[in-house]
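One structure is given here, and the rest of the page talks about it.
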There are 4 protein chains.
Amino acid sequence: MSRRVPTIVKNAELVAQRRSEIIDVATRLFLERGFHKTSIRDIARACPFNLASLYMYVGSKEDILFLVAQQLMDEKAAAMAEVETLHEGPVEAFTAAFRAYCQIVHKFRPHIRLLYQELGALAPERRESVMSSLYTVIGVFEKIVRRGIEKRVFADVDPRLVALDALFMCHLWSMHTRALRPITTDYQAFSEMQSKILLQGILARKPATHRRSKKRKAKSPMA
Amino acid sequence: MSRRVPTIVKNAELVAQRRSEIIDVATRLFLERGFHKTSIRDIARACPFNLASLYMYVGSKEDILFLVAQQLMDEKAAAMAEVETLHEGPVEAFTAAFRAYCQIVHKFRPHIRLLYQELGALAPERRESVMSSLYTVIGVFEKIVRRGIEKRVFADVDPRLVALDALFMCHLWSMHTRALRPITTDYQAFSEMQSKILLQGILARKPATHRRSKKRKAKSPMA
Amino acid sequence: MSRRVPTIVKNAELVAQRRSEIIDVATRLFLERGFHKTSIRDIARACPFNLASLYMYVGSKEDILFLVAQQLMDEKAAAMAEVETLHEGPVEAFTAAFRAYCQIVHKFRPHIRLLYQELGALAPERRESVMSSLYTVIGVFEKIVRRGIEKRVFADVDPRLVALDALFMCHLWSMHTRALRPITTDYQAFSEMQSKILLQGILARKPATHRRSKKRKAKSPMA
Amino acid sequence: MSRRVPTIVKNAELVAQRRSEIIDVATRLFLERGFHKTSIRDIARACPFNLASLYMYVGSKEDILFLVAQQLMDEKAAAMAEVETLHEGPVEAFTAAFRAYCQIVHKFRPHIRLLYQELGALAPERRESVMSSLYTVIGVFEKIVRRGIEKRVFADVDPRLVALDALFMCHLWSMHTRALRPITTDYQAFSEMQSKILLQGILARKPATHRRSKKRKAKSPMA
DNA sequence: CATGAATGAGCATTCATTCAT
DNA sequence: GATGAATGAATGCTCATTCAT
């Protein structure tokens, strides 16, 4: 849990407990006022221990952001891991995964915004470390898509790209809330619309499909 | 150009010129170290005039961010406005617009990241003002989609949502550069892949439609 | 008028006119926000000419305060000079003078407060120069008291001290407005009360005294 | 002691000690150059701790002025409280109080000037709070006068106004030092002269006096 | 004589971090 | 292990004043 964040304190359990408190408090404050406008004093003030003690469990303000980001990502990954549905059909699996991630995004709307905004304050290495958690989510989609392609249900698309698209099209819900308001304010409706579009976009064209396919049909849609 | 940012200096031309210098310097520094880690002293140091003079052209640090954001958005909007393609077919028009915006995103990759990250530091009203420039881009896509739906080329999707998707699927190029690297490093290839997916996703399925449906018809989707 | 404040501009009339404008504006602003919280830019902004021009008629911000103080004192002195009543009796003269100065103090209540507060920002020499105008007022009282003593109407008090007391007992009206509110809010009533007290305080207790009264008693209470 | 000025530091004793240092230094500097020309850096420089530490004991520059003013007033009030003489006769009591307050004024001559000058920089509420300490002094005089009136020793004057006059006539010593120099440079002589004048001003006129009273008593008011 | 523009020096305040106990 | 106190370094911003034109 405390990956890459060294401590002076030896009692691992204590460290975990205190850090958990710090993370909770910091997450709340970061969401309220952003990372830069939250002083480390603000955080300490809301903790049951004092500023100097706080520094026994984290080495710097950046550490706290890292911890917060990690926890957020872990929570998201955990939630997504549960989904890893074993639906028979790729279409159903894809739809289910999309729906599940949309729900997660909905739940963590402000947190995702926070991550997009403040991750830049992390050292590159750590930023990467945090981002890598995304691959749990991407992986879920990627696997489904890959299976769909194998089964000829999906067209010959890049599974990784589609997985990223799926991820990102869910993130839209958290990143452009305002712009989406006139369309729908119900994340489930949003989920259905988005997954339908993306799914349609990758479905194999029946009898004969595009991509290297030999279409006898005269009029190609994209010709 | 300097909408909503008042000055003490009277010579409008000079204001424009100095502000341009400030914006350039600030953009560079913001890109390098972010808004919060760039002090107004840093900006002034990189300007051919001093700190106090800088304050003759802007009223606050936030003003500078606003100016920077505005210019970025204006440049993007201007570049996109030129595109407003008069392609006959919606498919071509959509593809062209997507390609154009991808190119813009590619050019402004770091800037877009900057906007997503730092716009939160702006007062809500100003944030909205900046964001509203996005509607120029969204509008281009929306119009094309709407036309496509009228012509029965596109399915009955929400034009606005699709426009947002198009926009956001282009932004993916700037927001997840690292994750995209294994897929492609060529923004044009990226553009083609993405537009194909999204386009496919909104094309009208002729007689019979998707999802478990058995389409016999070979008739072109655009017919 | 422009005593001790040198200029670069030669046209004396112009200097007088411009300075008058400066003084008016500055007086208003000083009264509103105090000397230190009024920037020279604030003053220039409220003048029909610009900041650099302002510096052609005064040499520094302190000069302006000096000019303002001088004008205030001059106005007060002028108003008091008119009073210089030629009343026959010292008692009547004293009462009249007191009443007159109270009226002036009432009119210039905020200005007097301003002078007491901000004169400290003046160079000692200038502060003295301004204060010396007070001697016009003091002189009026002093002369009356001196005459009264000669005429054995007033006791053998120090005329200068009494004059200062008279002055200062009037200033009470401007300096402790709040504390005086429960006593009276009418400056004329205040004037009567104060002058009666002070007058009583300096009247000769002799066999025969002032004010129509015929006292037979020779015993002086303070003898 | 530190009424209305919150701290971060918990050790109350330390707060008191440090604040005392700050107040001493600040008082000295304010007396030398005034509140506005004294920077908080100046104060910190003369303290045995640094600028940031200073801010652990006060919240703002205004706080320091408030603290300084409070201490001054407290000292004055404490000195005056001791006086609260139980003299039998009102005349003696009045004279004693006047002498005592003159002594205090003499001791705090520059400080009183400071208060008259800089209290304007305080927020109204705080200004009132400081000024209210004056009522300790005023109260002493008022009580004496009231008692004197009851005993028919003093005329039917407004006790509050007379108390204010007494206060203010003592302040004359600090506010117009220069003007008083030709009269006397001895504050005790000043005190005697002033109290004699004011006392005379409020003494009941024996048998027949003004103010509608008909007193037959011949006993000297000072007996 | 007028003025637009410029600037050096300064201001009050805050912050992340570190010790001594 | 805990904590109260301390601090160096910065930060955003303002001001009185001066010049080149």
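I'm checking my understanding of the structure. Among residues of the range D:117-140 that are over 12 Å from residue D:73 (Cα atoms) and within 12 Å of the chain's Cα centre (by Cα), which one is surrounded by the fewest Cβ atoms within 10 Å (Cβ to Cβ)?
Among those residues, the one meeting the criterion is D:139.
Quick check on the range C:157-200: of everything there that is in a loop (DSSP other than H, G, I, E, B) and of a type in the set (Val, Ile, Thr), which residue is farthest from the other protein chains (Cβ to nearest Cβ)?
It comes out as C:185.
Condition first: more than 16 Å from DNA strand F (Cβ to nearest atom), within 26 Å of the chain's Cα centre (by Cα), more than 14 Å from chain D (Cβ to nearest Cβ) and among the small types (Gly, Ala, Ser). Can you find one or more residues in the range C:4-15 that meet it?
No - not one qualifying residue is present in the range C:4-15.
Return yes when residue D:105 is surrounded by 15 or more Cβ atoms within 10 Å (Cβ to Cβ), part of a helix (DSSP H, G or I) and within 16 Å of DNA strand F (Cβ to nearest atom) and no when it is not.
no
Across the range B:1-32, what is the number of residues that are within 19 Å of residue B:130 (Cβ to Cβ), in contact with a helix residue (DSSP H, G or I) (Cβ under 8 Å, 6 or more places away or on another chain) and part of a loop (DSSP other than H, G, I, E, B)?
5
Being within 11 Å of DNA strand F (Cβ to nearest atom) and either touching a Gly at 6+ places or on another chain (Cβ under 6 Å) or of a type in the set (D, E, K, R) (or both): is that true of residue B:33 here?
Taking the combined requirement at face value, the residue satisfies it.
For residues in the range A:83-105 being in contact (Cβ under 8 Å) with a residue 12 or more places away in the chain and out of contact with any Ser or Thr (no Cβ under 8 Å at 6 or more places or on another chain), which is nearest to residue B:36 (Cα to Cα)?
A:104
Across the range D:77-116, which residue is farthest from residue D:24 (Cα to Cα) among those that are charged (D, E, K, R), modelled with pLDDT of 90 or more and under 14 Å from the mean Cα position of the chain (by Cα)?
Out of the qualifying residues, it is D:99.
Residues to consider are B:35, B:66; find the one that is buried (at least 18 other Cβ atoms within 10 Å of the Cβ) and in a helix (DSSP H, G or I).
Within the list B:35, B:66, the selection yields B:66.
For the range D:13-48, how many residues are charged (D, E, K, R) and in contact with a Lys or Arg (Cβ under 6 Å, 6 or more places away or on another chain)?
So the count comes out to 0.
Can you tell me which of (1) out of contact with any Gly (no Cβ under 9 Å at 6 or more places or on another chain); (2) within 29 Å of residue D:176 (Cα to Cα) is the one residue C:91 doesn't meet?
Going through (1) out of contact with any Gly (no Cβ under 9 Å at 6 or more places or on another chain); (2) within 29 Å of residue D:176 (Cα to Cα) one by one, residue C:91 breaks only (1).
Report yes if residue B:24 is away from DNA strand F (no atom under 16 Å from the Cβ), under 20 Å from the mean Cα position of the chain (by Cα), at pLDDT 95 or above and more than 14 Å from chain A (Cβ to nearest Cβ), otherwise no.
Considered against the rule, which asks whether it is away from DNA strand F (no atom under 16 Å from the Cβ), under 20 Å from the mean Cα position of the chain (by Cα), at pLDDT 95 or above and more than 14 Å from chain A (Cβ to nearest Cβ), residue B:24 comes out as yes.
Under 6 Å between Cβ atoms, at least 6 apart or on separate chains: pull out the pairs that start in the range B:32-43 with a residue that is within 17 Å of residue B:67 (Cβ to Cβ) and within 12 Å of another protein chain (Cβ to nearest Cβ) and end on any residue that is within 15 Å of DNA strand E (Cβ to nearest atom) and assigned to a helix (DSSP H, G or I).
These pairs meet every condition: B:35/B:121.
Select from the range C:38-63 the residues that are assigned to a loop (DSSP other than H, G, I, E, B) and within 15 Å of DNA strand E (Cβ to nearest atom) and list them in ascending order.
Within the range C:38-63, C:39, C:46, C:47, C:48, C:49, C:50, C:58, C:59, C:60 meet the criteria.
Hey, could you check the range C:1-37 for residues that are β-branched (Val, Ile, Thr) and more than 10 Å from DNA strand E (Cβ to nearest atom) and say which is farthest from residue C:111 (Cα to Cα)?
Filtering first and then ranking leaves C:5.
Applying the selection to the range D:168-191, what residues are among the aliphatic types (A, V, I, L, M) and touching a Leu at 6+ places or on another chain (Cβ under 9 Å)?
Result: D:169, D:172, D:179, D:180, D:183.
Which ones in the range B:77-102 are assigned to a helix (DSSP H, G or I), within 17 Å of residue B:195 (Cβ to Cβ) and of a type in the set (Gly, Ala, Ser)?
Answer for the range B:77-102, where residues must be assigned to a helix (DSSP H, G or I), within 17 Å of residue B:195 (Cβ to Cβ) and of a type in the set (Gly, Ala, Ser): B:93, B:96, B:97, B:100.
Please go through the range C:44-64 and give me each residue that is within 8 Å of DNA strand F (Cβ to nearest atom) and not hydrophobic (A, V, I, L, M, F, W, C), ordered by number.
C:55, C:59, C:60, C:61, C:62, C:63
So residue D:56 fits all but one of (1) within 24 Å of the chain's Cα centre (by Cα); (2) surrounded by 13 or more Cβ atoms within 10 Å (Cβ to Cβ); what number is the exception?
Of everything listed in (1) within 24 Å of the chain's Cα centre (by Cα); (2) surrounded by 13 or more Cβ atoms within 10 Å (Cβ to Cβ), residue D:56 misses just condition (1).
In the range A:125-156, which residues are within 12 Å of another protein chain (Cβ to nearest Cβ) and in contact with a strand residue (DSSP E or B) (Cβ under 8 Å, 6 or more places away or on another chain)?
A:145, A:153, A:154, A:155
Given the conditions (1) away from DNA strand E (no atom under 16 Å from the Cβ); (2) surrounded by fewer than 16 Cβ atoms within 10 Å (Cβ to Cβ); (3) more than 14 Å from chain C (Cβ to nearest Cβ), which single one is not true for residue D:73?
(2)
Report yes if residue D:152 is more than 17 Å from the chain's Cα centre (by Cα), away from DNA strand E (no atom under 16 Å from the Cβ) and of a type in the set (Lys, Arg), otherwise no.
yes
Which residue, of A:91, A:83, is on the phi < 0 side of the Ramachandran plot, within 14 Å of chain B (Cβ to nearest Cβ) and away from DNA strand E (no atom under 16 Å from the Cβ)?
A:91
The values are calculated or read from the model by the stated rules, or taken from the named source; none is laboratory data. Here the structure is a predicted model, which means the values were calculated and not measured. Note: ideal-geometry Cβ built from the backbone for every residue, glycine included; neighbour counts use all protein chains shown.
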